[in-house]
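Notes follow the structure.
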Amino acid sequence: TQLLEQSPQFLSIQEGENLTVYCNSSSVFSSLQWYRQEPGEGPVLLVTVVTGGEVKKLKRLTFQFGDARKDSSLHITAAQPGDTGLYLCAASGAGSYQLTFGKGTKLSVIP
Amino acid sequence: DAMVIQNPRYQVTQFGKPVTLSCSQTLNHNVMYWYQQKSSQAPKLLFHYYDKDFNNEADTPDNFQSRRPNTSFCFLDIRSPGLGDAAMYLCATQRGREETQYFGPGTRLLVL
C-alpha cells in the first residue's frame, strides 16, 4: 500500500507570512497533484507535477516535485485570507488508476 | 464551463430511505470515480468505472451501489442510508491511467 505523509495537518498563520506544506512517501509516483478545497466544495486542481525535480509556480504558490518523485512541497508566499482551505496532495503510481491521498493540511490565514 | 457536474448539491434523506446521487461530465473521460469525504479528511474511494468496467473497493459497504449507463453519467445509490453515511460525496473523472483527476463540486448528504 502506498502512503503519502502530509504535514502539517493544521496551520494557522497571519496574513503576509510564508508557509510550506510537505508531502512525503517511500514510494515512487508517476505524477502528483495538489488540490485546494473550500468548505462545501469539491477539490480544485492547483497543479500536476510529473518530472522529478520539477518546479511549477502559480502566482504566489510554488510547487516542487522531488528528484526521486517520492515527495513534493507547496510553498505559499505572503499568504492571504483567500488562501484559507484544505490542501490535499494526491499521487498515482505507474499504471494505476487510483490516487493515494495525503491526509490534508487545513490552512487558516488570519487577517 | 462546468466539466464535472453533481446534482443535487445538498441532499437530505431519512434513515433507511434510498437515495441516488448523480454525476455527469463533459470531458468524455473514460474513468469515473465516487468518493466519500467526511469533515476535513481526505476523500475515500468507494468505487470507479473504467468505461463500463466496475471496480469496487474492498471496504466499500454493500449498501453503496453504482450505475454508469453511458460515458457521461454515473450514479451513486445508497440503498439504506445510516447516520454514519452523512458525508460529502465527490465524483471525479480521469482520461486514463496516471492522469489528473478532476472533481465535481460534491453533494453533501444529510441523514435524519
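Listed conditions (1) part of a strand (DSSP E or B); (2) closer than 22 Å to B:Q94 by Cα; (3) of a type in the set (A, V, I, L, M) are all met by A:A94, apart from (1).
Here A:E38 clears all of (1) within 14 Å of chain B (Cβ to nearest Cβ); (2) surrounded by 18 or more Cβ atoms within 10 Å (Cβ to Cβ) except the condition numbered (2). If the condition is being loosely packed, with under 13 Cβ neighbours inside 10 Å and either of a type in the set (G, A, S) or not in a loop (DSSP other than H, G, I, E, B) (or both), then region B:21-39 contributes only B:S39. All of (1) in contact with a Gly (Cβ under 8 Å, 6 or more places away or on another chain); (2) modelled with pLDDT under 95 hold for B:D59 with one exception: (1).
As a summary of the residue check, B:A42 satisfies the conditions (1) without any contact (Cβ under 8 Å) to a residue 12 or more places away in the chain; (2) surrounded by fewer than 19 Cβ atoms within 10 Å (Cβ to Cβ) except for the one numbered (2). The conditions of being surrounded by 13 or more Cβ atoms within 10 Å (Cβ to Cβ) and over 29 Å from A:Q6 (Cβ atoms) are not met by B:F64. Number of residues in region A:49-89 that are assigned to a loop (DSSP other than H, G, I, E, B), in contact (Cβ under 8 Å) with a residue 24 or more places away in the chain and in contact with a Ser or Thr (Cβ under 7 Å, 6 or more places away or on another chain) equals 2.
The values are calculated or read from the model by the stated rules, or taken from the named source; none is laboratory data. Computed from a prediction, not measured in an experiment: that's the story for all the values here. Don't worry about glycine lacking a Cβ; one is built from the backbone with ideal geometry, like all the others, and counts go over all protein chains shown.
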